[in-house]
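Some notes on the structure that comes next.
The values are calculated or read from the model by the stated rules, or taken from the named source; none is laboratory data. It should be emphasised that the depicted structure is a prediction, and the values quoted were computed from it without experimental measurement. Counting neighbours? That spans all protein chains shown, and the Cβs are built from the backbone with ideal geometry, glycine included. Each accessible area value is taken on the protein alone, full model and side chains, heavy atoms only, with ligands, DNA and RNA left out. Shrake-Rupley method; radii C 1.70, N 1.55, O 1.52, S 1.80 Å.
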Amino acid sequence: MTPVPAPARRGAFIAILGLAFIGAMTLTPQPQNVERVAQTPLWCLLCGDLAGMDIILNLILFVPFGLGLRLAGWPRRRVLLAAFATTFLVELTQYFFIVGRDASLSDIITNTTGGLVGMLLAERFPLALWPAPRVARWLAASAGAVWLLVQGVTAWGVGVALPQRPFWGQLAPELGQFELFRGKVIEAKLAGEPMPSARLADTPAIRTRLLAGEGIEAQAVSGPRTARLAPIVSVFDERQQEVILLGQRGTDLVFRIHTRAWSLGLRGTALSLQHALPADSGRPLTVSGHLHDGYLEATADTGSGPITRALALSPSWGWSLLLPFEDYAFGEDARLLTALWLAGLLLPAGYWTARSLPGTGSPLTGPLLLGLLVAAGLAGVAAFFRLPPVHWSEWAAAAGGAGGGWVLGRGSVR
């Protein structure tokens, strides 16, 4: 019996892992989404408010599967057929058997395209790992351009842009996509004025004051701990698009405000004030949230003094725009996730920069180029979009990713 070559075995292993990941991400029930799924047409191409995020994630989902099959030696046609057959079977299963999962033509197209991308990456894998200096220069420039583009799109996306349509105030609303807040809202204010649970009288003035730094607040009596996000007070426009929200998730206070990312169909930014709300019912509380000078800020007071958290908007939050989790808000883990994202984005640029430079050149040329790239993506992009200076951890993570790639690249050419 002829032994299977090691690269083919590794490819088969990657394909099996990719297939298992596809099943885990697509075949688990989501009963909380039944109402939304019922409104999603089977033949839609841009499905729902988060269509951009769904398209990107669907592409990424099938990349490992296509990559593994091609590395395992499958011909191109079989790889594409396997990707198409797999996504078609998944969509049929979702449509007929899995509660709360939406099947659509968009998923079939984007999943199959993801398999194609994985196949093409497999074919160029050796070229990317061991490029000649000329190819490495092109790869390094491309990686740097992608990094700056991602930073720029993110910086634009985290900026607040409120809808122009009339606003509706809501006190402890019962909405299908959220859990119900089971406490009692006594009073709410929006932009410093009392907010009724009704259409708001002067939307343009409210929008102006929200953009100027005023926010939303509420006096309430606590309810029981929630499993998912439950709005305490919120504002939506007349097309049911979220404008601003204060809610409870577990014992966390969550504050959200509409950002430009939503216009691209991506996930918006949300701030979590962790363990700030009572775990039991019947306790008075005051909560508020606003955006001022580029900082999201949330405050909760349960009678023992206010707890406040402020977080500067950052161009390095690209990872958050693609999160598939409905209720995610920036907690204490946000710094770590941002650091991992930055290091991962810049490691290829560092690696290819090291491979692009001849060994006889100045040893400072590569680090200098990478330093300028990091500075442009962090300080330059933040300044251009008028965001606050980025946190020191972002500088450390970006330098670590670029530097780590540089060390790996120099080691590979010796």
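Observations
- Tallying residues that are open to solvent by 80 Å² or more (accessible area, probe 1.4 Å) and either outside any helix (DSSP H, G or I) or hydroxyl-bearing (Ser, Thr, Tyr) (or both) within region 85-104 yields 2.
- Hits in region 238-254 - residues which are among the basic types (Lys, Arg) and surrounded by fewer than 20 Cβ atoms within 10 Å (Cβ to Cβ): Arg239
- Within region 126-142, none of the residues are under 24 Å from the mean Cα position of the chain (by Cα) and more than 30 Å from Ser356 (Cα to Cα).
- Which numbered condition Leu127 misses (of (1) more than 30 Å from Ala8 (Cα to Cα); (2) at pLDDT below 95; (3) in a helix (DSSP H, G or I)): (1)
- Any hit, region 194-213, residues being under 29 Å from the mean Cα position of the chain (by Cα), part of a strand (DSSP E or B) and either more than 20 Å from Leu271 (Cβ to Cβ) or of a type outside the set (Gly, Ala, Ser) (or both): no
- Subset of region 347-406 [open to solvent by 60 Å² or more (accessible area, probe 1.4 Å), assigned to a helix (DSSP H, G or I) and among the small types (Gly, Ala, Ser)]: Ala383
- Every pair of residues 6+ apart whose Cβ atoms lie under 7 Å, when the first sits in region 137-158 and is touching a residue at least 60 places away in the same chain (Cβ under 8 Å) while the second is among the β-branched types (Val, Ile, Thr) and part of a helix (DSSP H, G or I): Ala140/Thr353; Gln151/Val381; Gly152/Val381; Ala155/Val381
- Here is the figure for region 293-335: residues that are outside any strand (DSSP E or B) and of a type in the set (A, V, I, L, M) total 6.
- Ala310 over 24 Å from Lys184 (Cβ atoms), free of Cβ contacts under 8 Å to residues at least 60 places away in the same chain, under 13 Å from the mean Cα position of the chain (by Cα) and surrounded by fewer than 22 Cβ atoms within 10 Å (Cβ to Cβ): no
- Within region 156-183, the only residue that satisfies the criterion of being within 20 Å of Ala201 (Cα to Cα) and of a type in the set (Lys, Arg) is Arg165.
- First in region 114-135 and farther than 19 Å from Ala349 by Cβ and in contact (Cβ under 8 Å) with a residue 24 or more places away in the chain, second anywhere and assigned to a helix (DSSP H, G or I) and of a type in the set (Phe, Trp, Tyr), Cβ under 9 Å, 6 or more apart: Gly114/Phe65; Gly115/Phe65; Gly115/Phe84; Gly118/Phe65
- Residues in region 222-246 that are farther than 19 Å from Pro196 by Cβ and among the aliphatic types (A, V, I, L, M): 3 in all.
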